[in-house]
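Reading through the structure tokens given below for one structure.
The values are calculated or read from the model by the stated rules, or taken from the named source; none is laboratory data. For clarity, every value in this text was computed on a predicted model and none was experimentally measured. Here the Cβ is made from the backbone with ideal geometry for all residues, glycine too, and neighbour counts use every protein chain on show. Areas reflect the complete protein model, heavy atoms only, side chains present, ligands, DNA and RNA absent. Shrake-Rupley method; radii C 1.70, N 1.55, O 1.52, S 1.80 Å.
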Amino acid sequence: MALSTESTELLGVRHPIVLAPMGGAAGGALAAAVSRAGGLGLLGGAYGDREWLARELSIVAKGTESGGHGARRGRSTLPFVPLVVDLAAPVPVLAAGGIADGRGVAAALALGAAGALIGTRFQATTEALVDPSVSKAVIEGRGQDTERNSVLDIARGASRPAERYTARTLGHPCLDRWRGREDESARDSQARQDHRDDVARGAIPPMPVWAGEAGEAVDLITDRPSAADLVAALAAQAEDALARAGRRHPDDRPRAQG
């Protein structure tokens, strides 16, 4: 039996699972595969219109564990989601950050979210239109290999204000070179030109590997399934996790010895 939430009813989907609109990874093939499997597939994009976004019917509560960009100072997913749920009610909230399997989806629903927005986990699917090296890096990486930084945005000349927003990524040669010297690299036009030259000659990857800490990004990602298989597995695992939690009784708790 499929999980029914505000998001499944509002969006007309079978499962409360949403593909994060990751620029460069969430292309048409991946979005379509997620939607056909009963989730909601979103196309990658960026720099949305603020007024248009304000009219949308759901809010995403994104913890600092998530891959990609976020506020320099923030909160982890577990304490952040219920806070947003309470503040946003009755608007449905999607939880994001650190969600890689059905247990994470179940936790999001238990915290009051209407569904889970999942990004990095979907990068390691057969339909993800990314460089194979990106998928390989996500599968082989671990949570401790990720870090939040502004170095890579500065080097690429991204318009996002680095003093306000960082991004969680896997390692990168440019990050090793400029870590801790962001202000210096921002003032050094030659550093940005060197980055462009290195990319042009294939010495360094053209894009960072956006990857979340903990479960969402790497620790729980060990294979490359199809998006349809992943959606089905996430939904089944979430139902099982919630059922197991509901079956537990206070008398079943381990008793202290001695």
Residues of the range 189-210 satisfying the condition of being modelled with pLDDT of 85 or more and not small (Gly, Ala, Ser): GLN190, ARG192, GLN193, ASP194, HIS195, ARG196, ASP197, ASP198, VAL199, ARG201
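Among the helices (runs of 4 or more DSSP H) lying completely within the range 118-168, list those that include at least 3 residues that are surrounded by fewer than 17 Cβ atoms within 10 Å (Cβ to Cβ). Don't jump to the end; show me each part of the working.
Numbers: elements: 120-123, 132-140, 151-156.
Output list reads 132-140.
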Residues within the range 223-235 that are open to solvent by 60 Å² or more (accessible area, probe 1.4 Å) and either assigned to a helix (DSSP H, G or I) or at pLDDT 95 or above (or both), tallied: 1
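Look at the range 105-117 and say how many of its residues are closer than 26 Å to THR169 by Cβ and open to solvent by less than 30 Å² (accessible area, probe 1.4 Å). Let's see the steps before the verdict.
Filtering the range 105-117 for residues closer than 26 Å to THR169 by Cβ gives 105, 107-108, 113, 115-117.
Still in the list and also open to solvent by less than 30 Å² (accessible area, probe 1.4 Å): 105, 108, 113, 115-117.
Here the count works out to 6.
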Close pairs from the range 21-37: first at negative phi and in a helix (DSSP H, G or I), partner aromatic (Phe, Trp, Tyr) and open to solvent by less than 50 Å² (accessible area, probe 1.4 Å), Cβ under 9 Å, at least 6 apart: LEU30/PHE122; VAL34/PHE122
Cross-chain or 6+ apart pairs with Cβ under 7 Å, the range 196-208 first and touching a residue at least 40 places away in the same chain (Cβ under 8 Å), then surrounded by 12 or more Cβ atoms within 10 Å (Cβ to Cβ): PRO205/HIS172; MET207/GLY24; PRO208/LEU152; PRO208/ALA167; PRO208/THR169; PRO208/HIS172
Residues satisfying the stated conditions in the range 82-104, i.e. over 25 Å from GLY141 (Cβ atoms) and open to solvent by less than 10 Å² (accessible area, probe 1.4 Å): VAL93
